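Chemist: I'd like to ask some things about the structure below.
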Amino acid sequence: MNSVYFDANISDERRREQLYEGQLFVYSATPGSRRLVELARTLIGEAFGSLAPETAQYELPVERYASILAELKPKFIHHPDAKVHIKGILAEVGCDLAKTYFDVPRMRTATSDEYLTTGIALAFHPHRDTWYSAPRCQLNWWIPIFEIESGRSMAFHPLYWSRPVRNGSSGYNYAEWNRTSRFQAAQQIGVDTRVQPKPEEPMELDPQLRVMTPVGGMLLFSAAQMHSTVPNTTGRTRFSIDFRTVHLDDVAAFRGAPNVDSACTGTTMSDYLRASDLAHIPAELVAQYEPGVAAVCGR
Ligand SMILES: [Fe+2]
């Protein structure tokens, strides 16, 4: 990991190769990303009413705040227009819509001053998405909804692109998580009792890299990147969007970033929807990923 490409004029194939080598790509806002942000802002505005969303945390009891998010986030995730806007984004940056699959977008909130860092507004400890059953070819797209600054962004920990960390991923299975833990998010206030893959040894979190784009700008990175939520002390809640993509050719060829330390089982592969028509990845292919990230390497 050593490069950040800005508005790169590059084929999607070449871009994926670079992302699998740990490079980062940053794109200026496009019409599609602006529309996705606008949709998010509209729903956020409706949810918080007369309160300014970035500072609403100072006006509300935390239980009330969590319940607002518990209603707001699924509305955004499942809004039909969100899929339309993601398709627009993918076309704008040169992805092949017939071979690129995406999952529904998430809305993230990172509150300030440890107001709410669990459950529905989880502050992510350092992790790779590949610890959570994401395939090595998954790419993450990250978009701020309101202005961000370094103190309320996300951080990459580049030392760990090639360095393994002892971690709890061997206890994680995506299907199992969905059965038991996902839907408890809104109840996890104060302490998050759900078992998640975490580092199990001290880490060197510096040097770290934080990429700030204007609202609607897009940051792309491999699911194998070590990243975390920056502890927010800025006095404003961070609102951001993320979604993930995979390319069918890479899925079929078992291509992707190297696996340095993931031992989870299961796969998120059945979540992705083809950009052109929202079809799922063929079940036979999904099944081949079920044994887990490490087992699928080198197939
Ligand atoms: Fe992540």
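The values are calculated or read from the model by the stated rules, or taken from the named source; none is laboratory data. Values in this document were obtained by computation on a predicted structure and should not be read as measured data. Cβ coordinates were reconstructed from backbone atoms using ideal geometry, including for glycine residues, and neighbour counts include every protein chain displayed. Keep in mind that these areas ignore ligands, DNA and RNA; they rest on the heavy atoms of the full protein, side chains included. Shrake-Rupley method; radii C 1.70, N 1.55, O 1.52, S 1.80 Å.
Chemist: Mind checking the alpha-carbon convex hull of the chain and giving the volume per residue in Å³?
Modeler: Hull volume over Cα atoms, normalised by residue count, gives 118 Å³.
Chemist: For segment 116-241, just list the percent of Cα-Cα distances falling in each 5 Å bin from zero outward, please.
Modeler: Answer for segment 116-241: a P(r) of 2, 10, 18, 22, 23, 17, 8, 1 percent.
Chemist: Shifting gears a bit: Number of Lys pairs in the chain with C-alpha atoms less than 16 angstrom apart, excluding same-chain neighbours closer than eight positions?
Modeler: Summing the qualifying lysine pairs gives 4.
Chemist: Defining a contact as two alpha carbons under 8 Å apart and six or more residues distant in sequence, what relative contact order in percent does segment 1-121 show?
Modeler: In percent, rounded to a whole number, it is 26.
Chemist: Return one whole number: the accessible area per residue of segment 212-299 in Å², for a 1.4 Å probe.
Modeler: 34 Å²
Chemist: Right, here's the next one. Let me know the volume per residue of the alpha-carbon convex hull for segment 16-83, in Å³.
Modeler: Hull volume normalised by residue count: 146 Å³.
Chemist: Okay, next question. With a 1.4 Å probe and every protein chain kept in, tell me what percent of the accessible surface of the chain is carbon plus sulfur.
Modeler: 53 percent
Chemist: Using amide H atoms built 1.01 Å from N in the peptide plane, name the residues 5+ places from Asn167, or on other chains, whose amide H lies under 5 Å from its own.
Modeler: Under 5 Å from the amide H of Asn167 lie the amide H atoms of Glu200, each far enough along the sequence or on another chain.
Chemist: Is any residue of segment 237-264 close enough, with backbone N under 20 Å, to a label point placed 7 angstrom from the Cα of Arg194 along the Cα-Cβ axis, and if so, which?
Modeler: 238-245, 263-264
Chemist: Return the calculated 222 nm mean residue ellipticity for the chain, to the nearest 500 deg cm²/dmol, obtained by summing -39500 (n - 2.57) across DSSP H runs with n ≥ 4 and dividing by the residue count.
Modeler: My calculation for the chain gives -8000 deg cm²/dmol from helical runs alone.
Chemist: Can I ask one more? Grab the other residues whose beta carbon is less than 12 angstrom from that of Ala40, score K and R as +1, D and E as -1, and report the net.
Modeler: +3
Chemist: Under a GNM of the chain (C-alpha, springs under 10 Å), which listed residue has the highest mean-square fluctuation: Gly45, Gly22, Gly266?
Modeler: Maximum fluctuation in the GNM of the chain, among the listed residues, is at Gly45.
Chemist: Between Ala121, Ala287, Ala155, which gets the highest mean-square fluctuation from a Gaussian network model of the chain, Cα cutoff 10 Å?
Modeler: Comparing Ala121, Ala287, Ala155 in a Gaussian network model of the chain, the most mobile one is Ala287.
Chemist: All other residues with a Cβ under 12 Å from the Cβ of Phe239 taken together, and with Lys, Arg as +1 and Asp, Glu as -1, what is their net charge?
Modeler: Its environment carries a net charge of +4.
Chemist: With springs only between Cα atoms under 10 Å, which of Asp250, Asp103, Asp129 fluctuates most in a Gaussian network model of the chain?
Modeler: Comparing Asp250, Asp103, Asp129 in a Gaussian network model of the chain, the most mobile one is Asp250.
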